[in-house]
There are 2 protein chains.
Amino acid sequence: MNDSYLNFVNSPFGARLARSLGLPKPEVLRRYRADQPEFDGLIAIGAGREPHLLDALANLVTSIGVTSVAHESAGLWVPLANRHGLMTGRFEPAESGSHGKLTALLFDASGIEDSSQLEPLHGFFHDTLRSLGKCGRIIVLGRPPEACATPRQWTAQRALEGLTRSLGKEARRGITANLVYVEQGAENGIEATLRFFLSPRSAYVSGQVVRIGVRDGADALPAFDWNQALAGRRAVVTGAARGIGASIASVLAAQGAHVIGIDIPSARDALDSTMRQLNGTALAFDIAAPEAPAQIAAALDEQGVDIVVHNAGITKDKTIAKMTDAAWQSVIDINLSAQERIDDALLAAGILRDGGRIVAVSSISGIAGNLGQTNYATSKAGVIGRVQSMAPHLRARGITINAVAPGFIETQMTAKIPLTIREAGRRMNSMSQGGQPVDVAQTIAWLAHPGSAGVSGQIVRVCGQSLIGA
Amino acid sequence: MNDSYLNFVNSPFGARLARSLGLPKPEVLRRYRADQPEFDGLIAIGAGREPHLLDALANLVTSIGVTSVAHESAGLWVPLANRHGLMTGRFEPAESGSHGKLTALLFDASGIEDSSQLEPLHGFFHDTLRSLGKCGRIIVLGRPPEACATPRQWTAQRALEGLTRSLGKEARRGITANLVYVEQGAENGIEATLRFFLSPRSAYVSGQVVRIGVRDGADALPAFDWNQALAGRRAVVTGAARGIGASIASVLAAQGAHVIGIDIPSARDALDSTMRQLNGTALAFDIAAPEAPAQIAAALDEQGVDIVVHNAGITKDKTIAKMTDAAWQSVIDINLSAQERIDDALLAAGILRDGGRIVAVSSISGIAGNLGQTNYATSKAGVIGRVQSMAPHLRARGITINAVAPGFIETQMTAKIPLTIREAGRRMNSMSQGGQPVDVAQTIAWLAHPGSAGVSGQIVRVCGQSLIGA
């Protein structure tokens, strides 16, 4: 729960010592606080070729109320911004000592159709990266490669991933770098996602690739208030008594949702206490029990739900030669099969309403595999399959399904890992530190957002761009 | 080029010292040698539910001439093997001291349709893993998730990836673990791929997921001899003068191909010498020159080619703020755009014959990004896009296109990396060592094989299951 090294090297003496010894100095990440402005400062805009997203970006910049400057690669930005009534100027390459002026770098690469047209990306980041401040944001925007008209365009768009991931590794200082592919026709659906990646809410999300697709009924986004986006929504969270689950419940409630927390009967007291603080509802069920799906459905039937977060999960680590059949089975059942059974019950009865959101918690172990976790990794890889397979099925009902895959998150569980292994896990990412439960929770809140209707079938790591698993 | 730690800890004194200090002891990997049998020993077969691939596996076991034993999960194997005239028996769980009896573990998971049916995988690997000898092989076979009929089946098949990657990390001792998804109808196209993964040729390929699809003209595989599979074929290799390129040329030639090596004019002497040894043809061209595609096409026009290996590549590492425009452009152009131009020329003129093979060299940096390599990672991510986008276009002509993505390979280039960084790169994988150029070359030879007609659009890492990039 407590990264004492992070605290130490950010003290005056610790910082001096770390510098003189050449030790890594993780940045204290800026996280969302209700009493601080979510967006501020100066954003630099770049673009290649004939960009398709500048209009959408102008709407975004207007909406979040920041000031922008146009890099020379984005000559179209100045007149466009002026038409939108935005204050804007031209970016002047950094003089020495002018570091830290910019809070975000946005590059619209959607018009790039050939590998020979990638040069403006170099020009933009070459000129601007040193001017990006601590905990700054890099967002590259492109078109989904698999939807491109020609192999040449697909190739060039796919190349953006190598660039963005490299920028994340180079930038350091708490800076995140992410790639957002916007399907043609989905331009008006980007705001919730870009707000998330620009915000301190995405403090520990870097090196990710997210696709925004055209949703059915494209212009019928329900009305919502950006400050209370989940007002009037009902959200079920499994494993909500403590830890990451309690943090998810808390973040959803803070955005206005009524949270129904589920946890096992033995955690009833903690669950009750967590839900009381959030004015939520506590349901003590063992989700692995055969009767649980019907019980949960019955408890939710009358009012329905809008958001289901499958957070409950267990580990029973052992190398497979020493793993009992029971340890294998219970991990697969609770982490994977129970999710399938519960969703089937909620979907069949229409309890999860049209336009709903399902978010499942996977894991880096489910992506990369892990020693001693054949059961856990199998279950969490299955969660990825579940998200990918269900997304097209749920599309017609306007329901999205996505997963978050946490990396090293500081919890009571990771606090028990032996120090040297814990330190390795903590530092092996672009942030040189573990994440917090709230980082997972904020990512889930973005996926649960009414504005995220075009985001489905995605796996988003919350890992600080861990070395493990790309 | 030389991993002295590997040599030391495998000496009698070094092994004792490493053991007493708790140091990692990388296994000396068994690699293919023409004077040793490629397949031997005892293979254990497991299966779940109603397996679909046992017939194909029986054909494989017959063809490579090994002995099999059936795990209790694969009850159908014994009568089936008997029908094929195979010697077989039942697997008895290992007694202490009986380790090392098995050379491979094969599990047919193709019949698993639900997450509740995954248990036989645990039973099989629980019982057999300790009996698998050094440099043994684990292969899990399934159905491509995205082609499954139901979300439940897709989910269960996708879960196999978490298991296989975990097994690779647990097994150690030079053991590889890979997952092969066989499309329905592609059962008769698995032999070349399973031979590769069972063979010492795949010594440094672990944690990979490969799909075998139905090829057009499914039963019309050209005749070939498994020992000289490339006899009569003409193979172009770029960057063939030295290093990995020379190794590729050498392995292709050893399998009977006539190799046409291309390298820049300044490497002409080395290229001539390499090609002379292989009875190949040397072509000194700068592939980045505008006239190169036409020149290469003209030089190959008369006899045509069957195999094109895009190996030539350069690095010009610098953080992007310090990277010149020329360093960016030349890396993108040589590593990516030149491949596009050359393939276009060869394909338009029909010089690359129907049924041909294209193999491009990508990199782990193209998957995960890398500090100081924005240009290189962008180019190598683009190569992945090229493979994925071209595969469906080339399908009707029976041409496959795939990429290999090397991890840490011991070359003159890596020998120049500072010791501590080199050691970290070398050890951060399931083999605890770097790979050899021949490991990349053998992987390419498998993809270039006439029997690999169903393998296209795949990215295969040659990285010993590097921690980086999953």
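Quick note: the coordinates plus some simple rules give every number you see, no bench work behind them. These figures come from a predicted structure and were not determined experimentally. Cβ sites come from the backbone with ideal geometry, for glycine too, and all protein chains shown count toward neighbours.
Summary of computed values
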| item | result |
| --- | --- |
| Anisotropy class of the range B:42-212 from Cα gyration tensor, a/c 1.5 cut | rounded |
| Order of B:379, B:68, B:116 under a 10 Å beta carbon neighbour criterion, fewest first | B:116, B:68, B:379 |
| Approximate shape of chain B as ellipsoid semi-axes (Cα gyration tensor, √5λ), whole Å, largest first | 36, 27, 21 |
| Selected from A:420, B:112, A:159, residue furthest toward positive end of dipole (the protein assembly as shown; charges at beta carbon) | A:420 |
| Distance between modelled label sites at residue A:8 and residue A:289, nm, 7 Å Cα→Cβ extension | 4.7 nm |
| In the range A:29-71, the trypsin sites (Lys or Arg not before Pro) that fall in loop regions by DSSP, at most 16 other Cβ within 10 Å | A:30, A:33 |
| Placed amide H near residue A:434: partners under 5 Å, 5+ positions off or other chain | none |
| Three-way shape label, the protein assembly as shown, alpha-carbon gyration tensor, a/c 1.5 | oblate |
| Phi to ³J(HN,Hα) by Karplus 6.51 cos²θ - 1.76 cosθ + 1.60 over the range B:183-191, Hz, x for Gly, Pro | 5, 4, x, 9, 4, 7, x, 9, 5 |
| 10 Å Cβ neighbours from other chains, averaged over peptide B:113-120 | 5 |
| Neighbour-count ranking [beta-carbon atoms within 10 angstrom, fewest first] of B:380, A:318 | A:318, B:380 |
| Lysines with Cα under 24 Å of residue B:25, excluding same-chain neighbours fewer than 8 positions away | A:318, A:322, B:101, B:134, B:169, B:416 |
| Mean-position separation - Cα centroids, the range A:414-456 and the range A:1-52, in angstrom | 16 Å |
| Simple Cβ-charge dipole of chain A, Lys/Arg +1 and Asp/Glu -1, about Cα centre, in debye nearest 20 | 1320 debye |
| Length-normalised contact order of the range A:72-202 in % [C-alpha pairs under 8 Å, at least 6 apart] | 24 percent |
| Charged-residue dipole, Cβ positions (Lys, Arg, Asp, Glu), the protein assembly as shown about Cα centre, Debye nearest 20 | 2540 debye |
| For the range B:249-321 versus the range B:326-403, the gap between their alpha-carbon centres in whole angstrom | 15 Å |
| Expected-Rg normalisation [2.2 N^0.38 Å, Cα atoms] applied to the range A:117-178 | 1.21 |
| Sum of side-chain charges, residue B:267 neighbourhood, beta-carbon under 13 Å (Lys, Arg +1; Asp, Glu -1) | -2 |
| Shielding by other protein chains, A:363-373, mean Cβ within 10 Å | 6 |
| Rel. contact order, % - alpha carbon contacts under 8 angstrom, at least six apart, chain A | 15 percent |
| Number of partner chain Cβ atoms within 10 Å, mean per residue of A:121-133 | 4 |
| Label geometry 7 Å along the beta-carbon vector: residue A:303 inter-copy distances in nm | 7.8 |
| 15 Å beta-carbon shell around residue B:286, net charge (K/R +1, D/E -1) | -1 |
| Ordering of B:341-348, A:363-370, B:403-410, B:141-148 by packing [mean C-beta count within 10 Å, highest first] | A:363-370, B:403-410, B:141-148, B:341-348 |
| Theoretical FRET efficiency, 1/(1+(r/R0)^6), r = Cβ-Cβ of residue A:273 and residue B:277, R0 56 Å, to 0.05 | 0.15 |
| Rounded, prolate or oblate (a/c below 1.5 giving rounded, otherwise prolate when a/b exceeds b/c) for the range B:142-196 by Cα gyration tensor | oblate |
| Note, ³J(HN,Hα) from phi for the range A:402-410, Karplus 6.51, -1.76, 1.60, rounded to Hz, x at Gly and Pro | 9, 10, 9, 10, x, x, 7, 10, 6 |
| In sequence order, calculated HN-Hα J values of the range B:73-89 (Karplus, 6.51, -1.76, 1.60; Hz; x Gly/Pro) | 6, 10, x, 6, 5, 4, x, 5, 4, 4, 4, 7, x, 8, 5, 8, x |
| Cα-centre dipole for the range B:222-462 with unit charges at Cβ (Lys and Arg positive, Asp and Glu negative), debye to 20 | 640 debye |
| Interchain or long-range residues, amide H under 5 Å from residue A:466's placed H | A:430 |
| Under 11 Å, Cβ to Cβ, from residue B:48 - net charge with Lys/Arg +1 and Asp/Glu -1 | -4 |
| Long-range amide H partners of residue A:401 with built H, under 5 Å | A:358, A:457 |
| Ranked list, fewest to most other Cβ atoms within 10 Å of each Cβ, for B:307, B:262, B:399, B:417 | B:417, B:399, B:307, B:262 |
